[in-house]
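To keep things clear, I will list the structure first and then write my remarks on it.
The values are calculated or read from the model by the stated rules, or taken from the named source; none is laboratory data. All values derive from a computational prediction rather than experimental measurement. A quick note on method: Cβ atoms are made from the backbone with ideal geometry, for glycine too, and the neighbour counts reach across all protein chains shown.
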Amino acid sequence: MHKRILSAVLAVLTINLVSHAQAGVGAKPNDVKAADKIFSTVVRLGVDANRLVKVTLHDGTVLRGYIREINNDDFVLVGDETGTVHKLTYAQVKQVKPYQSRGRKVGSVIGYVAIFGIIVAMSIGYMRK
């Protein structure tokens, strides 16, 4: 009886060990994973002259503009103010995200406050009836 239990436990542990060893075979280094994440973000944002993006590089430089071209190893960013063309590799980039100007953010907040105010005013009006 004890031999069966012991052999079953050893079999489970061996299968567990083999499955974990195989899972680590195809693991990528962190910098390759980060570059893949940046690539997928750039592809998701896409090539659009009307969509501004904010790109932060590993050296601390912040660039704003739109994506003009996407390749497997790099992408082309055109600056929004100067029109400067930057060819950036995915390994250079720390973060890519959509860019919203301060005026647009303020406008969004004002809109949300106005909608909330209308809802509150309508609620108070219905309570008085």
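What is the one condition in (1) surrounded by 12 or more Cβ atoms within 10 Å (Cβ to Cβ); (2) without any contact (Cβ under 8 Å) to a residue 40 or more places away in the chain that residue 113 does not satisfy?
With respect to (1) surrounded by 12 or more Cβ atoms within 10 Å (Cβ to Cβ); (2) without any contact (Cβ under 8 Å) to a residue 40 or more places away in the chain, residue 113 is out only on (1).
Would it be correct to say that residue 112 is of a type in the set (Ser, Thr, Tyr) and not in a helix (DSSP H, G or I)? I'd like the intermediate steps shown before the answer.
Details: of a type in the set (Ser, Thr, Tyr): yes; not in a helix (DSSP H, G or I): no.
So residue 112 does not fit the description; no.
Of the residues 124, 70, 119, only one is assigned by TED's automatic domain parsing to the domain that holds residue 53 and more than 16 Å from residue 54 (Cβ to Cβ); which? Outline the logic, then answer.
Working: 124 fails: assigned by TED's automatic domain parsing to the domain that holds residue 53; 119 fails: assigned by TED's automatic domain parsing to the domain that holds residue 53.
The match here is 70.
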